[in-house]
Every structure is written in C-alpha cells, then in structure tokens.
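Take a look at the structure below.
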Amino acid sequence: MPTHTINMKIVNTVSEMQKLSDELRKTKRIGFVPTMGYLHEGHMSLIRKAKELGDIVIASIFVNPIQFGPQEDLAKYPRDFKRDAALLNKERTDIIFHPFTEDMYTQDFSTYVEVKRLEDFLCGKTRTGHFVGVATVVTKLFNIVKPHFAVFGQKDFQQLVIIEKMVRDLNMDIEIIGHPTVRERDGLAMSSRNTYLSKTERDKALLISKSLKKAEEMFLKGERKTAVLKKEVEGVLCQKEGINVEYIEILFSQF
Ligand code: AMP
C-alpha cells in the first residue's frame, strides 16, 4: 500500500469529539460513517458517499463490546488501526473518532436502546442482544459525533432497518443513508470477518451470494411465490455439505 501523509485528525476522547463537532456544525454539514475497523472497499464506498454529500466526513473505528455475545469473536475481531488510518486518509476523511472502551462505557453504564420487534428475529434470533448493542452504540456515537447524516451499508440490512426505525421513533435529527453492498469479483460480500475463512469455508460462503442471485433472477422473471423462491435458495445453499441454514426469509423492506 502506498504511504500517504496523514492529514486527518484522530480523536480519542468523547469530550474532545463533542467539542469539535459542536464547532464544526456551526458552518459545515457533517457526514458520519461508523465502523468497527479492519476496513475494506465496502467501508471505503461509504466514505466516498459521505464525502459526496457532506462538507466534513467523520469515520469512527470502535469494536463495540456490547454487540458481541459471550460466544462471539470480540477478542479475535481483526484490528489494524495504522492500516485503517492510511486507507481513510487516502479517501480524504477529515476525522477519525477512535475512542477508548472505558470512555464509551464507564463502569456504571446502564442505559440500552431496544428497537422492539425488529431485533429478535432473522439474525437477532441466534444473536441475542446483538441489535440492542448496535442500537445503543449508534445512539451514543450520534450524540458524540453529532452528524447531519450517517451512511450505513445495505450488507447489514437488518441493522440498517433497525437504525432507520430507531431514528424515526426517537426523533433523532439525522438522515440515514443506505449504501449498496460491495462484493468481491466472484460475488462474496466484502466483510472484515472474511479473513477468518479457510479456502473451503470461503467456497461455501460463496453459495450465499449465488443463492440470492438465483432468487433475484427468478423474481425478475416473474416468480412471486415466496415458498418457491425460498426452496430454490435452499437448494443452492445445500449444494455443499456442512451448511446449516439458520433462516431464509423474503420480506418487504418497509416495516
Ligand atoms: P462494520 O465495520 O462491519 O461494523 O461495518 C461498518 C459499516 O460498513 C456498516 O454500515 C456496514 O453495513 C458497512 N459495510 C460492511 N461491509 C460492507 C460491504 N461489503 N458493502 C457495503 N457496506 C459495507
């Protein structure tokens, strides 16, 4: 990776970020891209979108402990701040907010945001508490960064819908912008967690995009029976052994 001079401001404390944002908001439109770091082209596309729509782009890098279940990968979640900073600088990001966990969650922290109904089905069924953790950290980040708008990936579609609902329900004065999923050439959705995959696991993961593509093709040709579409998706997913399907659902995106 070519090296670039780091022009961005890196902010590590909540109070400094709030002060800076208060100042910036007086004259600038602030765009925000929250991330957990270990950035890839998917994240970069969100930064570019924010750059296009705002005067100032703030990206946060924070591996949020409260959205990980006890059996999940908090300790081994990939991290490389130097590399992330270089990538963000290359896209001319203005500020990185990279807070300390103790500053975000003080010892007596006890307030959580729950978007009822949307969070305990689909992925929420097996990831208990995950979306409460997400809604809570995003609320905190919004209160700290004070953006006019924030860009989220459609890759995490349930998350995007939950954030949109939360903003509506709680009258948060922030525009939420959903941005399309960026994929590898072979169709795999980019994800920081793809680094965990062995060659065999990656081949299996590819069946997810393949199965979705197949359903999309059938839908575009006029198939409207969800049972038929779901069966087809399942058929593609089960082409390889060792895949346990947690759920296949076809839903309208407006809740
Ligand atoms: P993460 O760092 O995985 O928490 O993701 C931070 C933001 O980037 C979220 O809004 C994600 O939906 C978005 N994102 C992650 N991967 C992709 C991708 N492949 N394409 C588009 N957006 C993505």
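Under a cut-off of 18 Å between alpha-carbon atoms, report the aspartates and glutamates in cross-link reach of Lys51, not counting same-chain residues fewer than 8 places apart.
Candidates past the 8-residue exclusion: Glu41, Asp84, Glu91, Asp94, Glu175.
If you average the C-alpha positions of region 35-53 and of region 75-124 separately, how far apart do those two centres end up, in angstrom?
About 14 Å separates the Cα centre of region 35-53 from the one of region 75-124.
Once the dipole of the chain is set up with Lys and Arg at +1 and Asp and Glu at -1 on Cβ about the Cα centre, which of Gly222, Asn12, Thr126 lies farthest towards its positive end?
Checked the options; the winner is Gly222.
Mind pulling up the Rg/Rh value for the chain? Radius of gyration and Kirkwood radius, both on Cα.
Reported Rg/Rh (Cα atoms, Kirkwood Rh): 0.97.
Excluding same-chain residues fewer than 8 positions from Lys204, which lysines have a Cα within less than 28 Å of its Cα?
In chain and number order, the partners are Lys76, Lys125, Lys155, Lys213, Lys214, Lys221, Lys225, Lys230, Lys231, Lys240.
Given Met44, Pro99, Ser211, which one lies farthest toward the positive end of the charge dipole of the chain, if we put +1 on the Cβ of every Lys and Arg and -1 on the Cβ of every Asp and Glu?
Ser211
Please give the per residue accessible area of region 153-241, computed with a probe of 1.4 Å over protein heavy atoms only, in Å².
64
What's the percent breakdown of Cα-Cα distances in region 1-105 across 5 Å bins, shortest bin first?
Going out from 0 Å in 5 Å bins, region 1-105 shows 2, 12, 22, 23, 20, 13, 6, 2, 0 percent.
Taking only the alpha-carbon positions of region 182-255 and ignoring solvent, what does the Debye formula give for the base-10 log of I(q)/I(0) at q = 0.15, 0.19, 0.23 Å⁻¹?
The Debye formula, applied to the Cα set alone, gives -0.57, -0.87, -1.13.
If you restrict to DSSP beta bridges whose two residues both lie in the chain, what percentage is antiparallel, to the nearest 5?
5
Leaving out ligands and nucleic acids, note down the accessible area per residue over region 8-126 with a 1.4 angstrom probe, in whole Å².
So region 8-126 comes to 53 Å² accessible per residue, rounded to a whole number.
In degrees, nearest 10, range 0 to 90: what is the angle between the Cα axis of helix 81-90 and the longest Cα principal axis of the chain?
It is inclined by approximately 80 degrees.
In the chain, what percent of the accessible surface is made up of carbon and sulfur (1.4 Å probe, ligands and nucleic acids excluded)?
The nonpolar share, carbon plus sulfur, comes to 51 percent.
The values are calculated or read from the model by the stated rules, or taken from the named source; none is laboratory data. As the structure is a computational prediction, the values presented were derived from the model and not from experiment. Every residue, glycine as well, gets a Cβ built from its backbone with ideal geometry; the counts of neighbours run over all protein chains shown. Heads up: the accessible areas ignore ligands, DNA and RNA and are worked out on the full protein's heavy atoms, side chains in. Shrake-Rupley method; radii C 1.70, N 1.55, O 1.52, S 1.80 Å.
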